[in-house]
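Report on one structure; see the data block that follows.
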Amino acid sequence: MKEIFVRMERCTGCKTCELACRTEHSQSKTLFGAFMETPMPRRRVFVEMDGDVKVPVLCRHCEDAPCLNACISGAIYRDAKTNAVMTNPDKCIGCWTCIMACPYGVMNRSPERRVSVKCDLCPGRDTPACVDSCPTNALVYTEPEEFSRTRRQAYAATARQAVKS
């Protein structure tokens, strides 16, 4: 399963990913339209900042997902095709147990509809909107093995430069 990985050293904290997420999950699919809708679409990625550190935080679609295990209504499930952890708003009872269980704090809620909202990897798109919109390529949508291989190669290139110096 492809996942979204974060290259924190590239994140500038511009929050373009947050805007793209809201827009993708809006009725209008336009930036202006999304902010005029009632209720306003909820973002599913959060750029947190602590001093100079900027970190996009989003659902990890955990293998042993605490939110899925905590959901008492069966509204949170694992998609058999993509292996992503998803929500079914028709089953959500608004108890927010998933919010309490999520170790990353990325479960959100739609207070108007009283349902949980989380990253759904933008069904119908080849690449999630947050990844496509990132101007610095801090977000990467790929297989875990490919992400690791790329990181190892980057490290090897850095080590090679250090040896030459």
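The values are calculated or read from the model by the stated rules, or taken from the named source; none is laboratory data. Remember, predicted model here, so these are calculated numbers, not experimental data. Virtual Cβ from ideal backbone geometry, glycine too; neighbours counted across all protein chains shown.
Among the acidic types (Asp, Glu), more than 19 Å from LYS2 (Cβ to Cβ) and touching a residue at least 60 places away in the same chain (Cβ under 8 Å): which single residue out of GLU112, GLU143 fits that description?
Every option except GLU112 fails the conditions.
Just one of (1) assigned by TED's automatic domain parsing to the domain that holds HIS25; (2) at negative phi; (3) assigned to a loop (DSSP other than H, G, I, E, B) trips up ARG160, so point out which.
(3)
Of all residues in the stretch 89-109, how many are over 22 Å from VAL6 (Cβ atoms) and either touching a Phe, Trp or Tyr at 6+ places or on another chain (Cβ under 9 Å) or without any contact (Cβ under 8 Å) to a residue 24 or more places away in the chain (or both)?
Matching residues across the stretch 89-109 total 7.
Would you confirm whether any residue within the stretch 150-161 is surrounded by 12 or more Cβ atoms within 10 Å (Cβ to Cβ), over 18 Å from ARG42 (Cβ atoms) and not aromatic (Phe, Trp, Tyr)?
Yes, the stretch 150-161 contains a residue that is surrounded by 12 or more Cβ atoms within 10 Å (Cβ to Cβ), over 18 Å from ARG42 (Cβ atoms) and not aromatic (Phe, Trp, Tyr).
Across the stretch 31-58, what is the total count of residues that are surrounded by fewer than 15 Cβ atoms within 10 Å (Cβ to Cβ) and closer than 16 Å to CYS122 by Cβ?
The qualifying residues number 1.
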